[in-house]
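**Student:** I have a structure here, written as structure tokens, and I will follow up with some questions on it.
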Amino acid sequence: MVQRRLTLTTRGVIALCAIPISAAAGALLGAEELVLVSIALVVLLASGMVQSASRADRARGNWRIAVGVASSDAEVGSELDVTVTLAAAGHGGATPVWLEDPEHCWERVHRGARAPEPRRGRTPNPSTVLRIAHLESGATTEVRFSAPTEQRGVFTLRGMQLWCFDTFGLLARPVAVGPSATITVHPVPLVVELGEELLRGERDTEDSQPVTPLTHPRRDSFGDFSGIRAYVPGDRLRLLYWPALARSGELMVRDFEDSGPHRVHVVADVRALIGEAGSESVLATVAAVGLQALAQGSVVELSTTAGERVAIGPGPLGALALLRAIASLETPQAQAPPRWRGRRPAPGRPPKREAELRPTAGTPLVVTTAEGMRALPGAFGFAHVVVAP
């Protein structure tokens, strides 16, 4: 629903402010020219109000705006075209209209917030709008432009408005509002060489523990029967093969192929100390590691040092879900060292760190940079560290 409101443009605001200033200066200085200037500005604003209102009344309801995006997902630095199609009906095409420049209508979505509605009361600027040529009834025209893919993130194209201006561009009225569109820009995966066993991860259990190598890994009852093997402390008693005990006197258990679901825990180091470029490199490497793990059929549990966490399972849409999750992550900005107020920490005792340094139980993979690796807390010592390029 388009509100029938009259809006001053940037030029209109300047003209409105100049009226009392020019009139007061003319009265104080005795300059009739300045008084005439203020009167002329009043006449221009009044005529502009009537002209923009009459144009908007003729055009309103006769324009339709459609937005088409070549793809809702793109890699950083790739080209992504967006097409805005305008259709005129009746005599609306004969009325001069202006479309907001799409390049100025993109907004970044933070933490999965809903796409914002078109802003009410924003001031249109004639220098940032596109003039639409006159169209016959039923004719259409297209405006093509590039989506912002220079940086990672989720971006929404807020509803662009179609405006009617007066001849001097002092006042404007909205005619139509287009739909919004959202794109996801994910990093280009930086492939690193990792072993297949590492990418396969650990068994997907409720209580995930750090991976501990055993001489004979304990098997569960999931999967196909593969044979009989010697008992290892920790095997379930219900797997004992009693006939073998009767024959040989040794404890034997039934072994099963480890075909159950696996889980790979990946921690992305996005602390402020590694900088924005380092965080982006980490996330690009995490994308490659996660895609490789999904290809192995493992569940990828992605967490960050900022406290965000998500688990993504393999499947037809697993890779896309992972890339979208990485695109929506926010990295903390580098901050100045905090000022201590009140009591200072005791000498030799490090200051209390943020919760971002707390590790996730059972994490076998930590992706960081060379600088971040030197600053990792000791609690991450059991993990496999991948240094991002």
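**Student:** Might you tell me the accessible area per residue for region 6-109, computed with a 1.4 Å probe and given in Å²? Intermediate results must be reported in sequence, preceding the final value.
**Tutor:** Details: 5280 Å² over 104 residues.
With the other protein chains kept in place, region 6-109 gives 51 Å² per residue.
**Student:** What are the ³J(HN,Hα) values, in whole Hz, obtained from phi via the Karplus relation 6.51 cos²θ - 1.76 cosθ + 1.60 with θ = phi - 60°, for each residue of region 18-27 in sequence order, with x given for Gly and Pro?
**Tutor:** 6, 4, x, 5, 5, 5, 5, 5, x, 5
**Student:** Does region 15-91 come out rounded, prolate or oblate by the C-alpha gyration tensor, with a ≥ b ≥ c the root eigenvalues, rounded set by a/c under 1.5 and, if not, prolate when a/b is larger than b/c and oblate if not? Don't skip to the answer; put the middle values down first.
**Tutor:** On the way: a/c = 7.15, a/b = 2.15, b/c = 3.32.
It comes out oblate by the Cα gyration axes.
**Student:** Tell me, what ³J(HN,Hα) does each residue in region 34-40 have, in order and in whole Hz, if you take phi through Karplus 6.51 cos²θ - 1.76 cosθ + 1.60 with θ = phi - 60° and put x for Gly and Pro?
**Tutor:** My calculation for region 34-40 gives 5, 5, 5, 5, 5, 5, 4 Hz in order.
**Student:** Applying a 10 Å radius around every beta-carbon, put 313-319, 36-42, 157-163, 99-105 in order of their mean neighbour count, most first. Can you show the working numbers first?
**Tutor:** On the way: 313-319: 14.4, 36-42: 16.0, 157-163: 23.7, 99-105: 18.6.
Top of the packing list down: 157-163, 99-105, 36-42, 313-319.
**Student:** Shape of region 279-319 from its Cα gyration tensor (a ≥ b ≥ c, root eigenvalues): rounded if a/c is under 1.5, otherwise prolate when a/b > b/c, or oblate? Intermediate values should be presented prior to the final figure.
**Tutor:** Details: a/c = 2.62, a/b = 1.50, b/c = 1.75.
Because a/c hits 1.5 or more and a/b fails to exceed b/c, region 279-319 counts as oblate.
**Student:** Residue separation times 0.36 nm, minus the C-alpha to C-alpha distance between VAL43 and MET373: what's the value? Spell out each step's value before the answer.
**Tutor:** Numbers: separation 330, 0.36 × 330 = 118.80 nm, distance 6.90 nm.
Difference between extended and current length: 111.9 nm.
**Student:** Listed highest first by mean packing, meaning other Cβ atoms within 10 Å per residue, what order do 62-73, 22-33, 239-250 come in?
**Tutor:** On the way: 62-73: 15.5, 22-33: 13.2, 239-250: 11.3.
Going by the mean number of other Cβ atoms within 10 Å, highest first, we get 62-73, 22-33, 239-250.
**Student:** Starting from the Cα-Cα distance between TRP106 and THR182, subtract it from 0.36 nm times their residue separation and give me the gain in nm to one decimal. Write out the running numbers ahead of the final one.
**Tutor:** On the way: separation 76, 0.36 × 76 = 27.36 nm, distance 0.92 nm.
Fully extending the segment from TRP106 to THR182 adds 26.4 nm.
**Student:** Would you mind getting me the FRET efficiency between GLU32 and ASP57? Use the beta-carbon distance for r and R0 = 45 Å, nearest 0.05. Show your work: numbers first, answer last.
**Tutor:** Numbers: r = 38 Å, r/R0 = 0.84.
After rounding to 0.05, the efficiency reads 0.75.
**Student:** Given points 7 Å out from each Cα along the Cα-Cβ axis, report the ALA70 to HIS384 separation in nanometres with one decimal.
**Tutor:** Using points 7 Å along Cα→Cβ, the separation is 3.7 nm.
**Student:** For the residue pair TYR241 and GLU330, what label-to-label distance in nm results when each label sits 7 Å from Cα along the Cα-to-beta-carbon direction?
**Tutor:** Simple spin-label model gives 5.7 nm for this pair.
**Student:** Once you wrap a convex hull around the alpha carbon atoms of region 130-202, what is its projected area averaged over all directions, in nm²? List each step's numbers first, then the result.
**Tutor:** Working: hull surface 38.6 nm².
Across all orientations, region 130-202 yields a mean hull projection of 9.7 nm².
**Student:** Here's a follow-up. Give me a comma-separated list of calculated 3J(HN,Hα) values for region 292-305, in order, Karplus coefficients 6.51, -1.76, 1.60 applied at θ = phi - 60°, integers in Hz, x for any Gly or Pro.
**Tutor:** These are the phi-based 3J(HN,Hα) values: 5, 5, 5, 5, 7, x, 9, 7, 9, 9, 9, 9, 10, 5 Hz.
**Student:** Additional query: Between ALA295 and GLU308, what is the label-to-label distance in nm when each label sits 7 Å out along the Cα-to-Cβ direction?
**Tutor:** Reported label-point gap for ALA295 and GLU308 is 2.5 nm.
**Student:** While we're here: Would you work out if region 1-60 is rounded, prolate or oblate? Take a ≥ b ≥ c from the square roots of the eigenvalues of the alpha-carbon gyration tensor; rounded if a/c is under 1.5, else prolate when a/b is larger than b/c, oblate otherwise.
**Tutor:** Because a/c hits 1.5 or more and a/b exceeds b/c, region 1-60 counts as prolate.
**Student:** Amide H neighbours of VAL386 under 5 Å, counting only residues 5+ apart in sequence or on other chains, H built in-plane at 1.01 Å?
**Tutor:** Answer set, sorted by chain and number: VAL366, VAL367, THR368.
The values are calculated or read from the model by the stated rules, or taken from the named source; none is laboratory data. The shown structure was predicted, so the numbers you read here are calculated from the model rather than taken from an experiment. Neighbour counts run over all protein chains shown; Cβ positions are idealised from the backbone, glycine included. These accessible areas exclude ligands, DNA and RNA; they are computed on the full protein's heavy atoms, side chains included. Shrake-Rupley method; radii C 1.70, N 1.55, O 1.52, S 1.80 Å.
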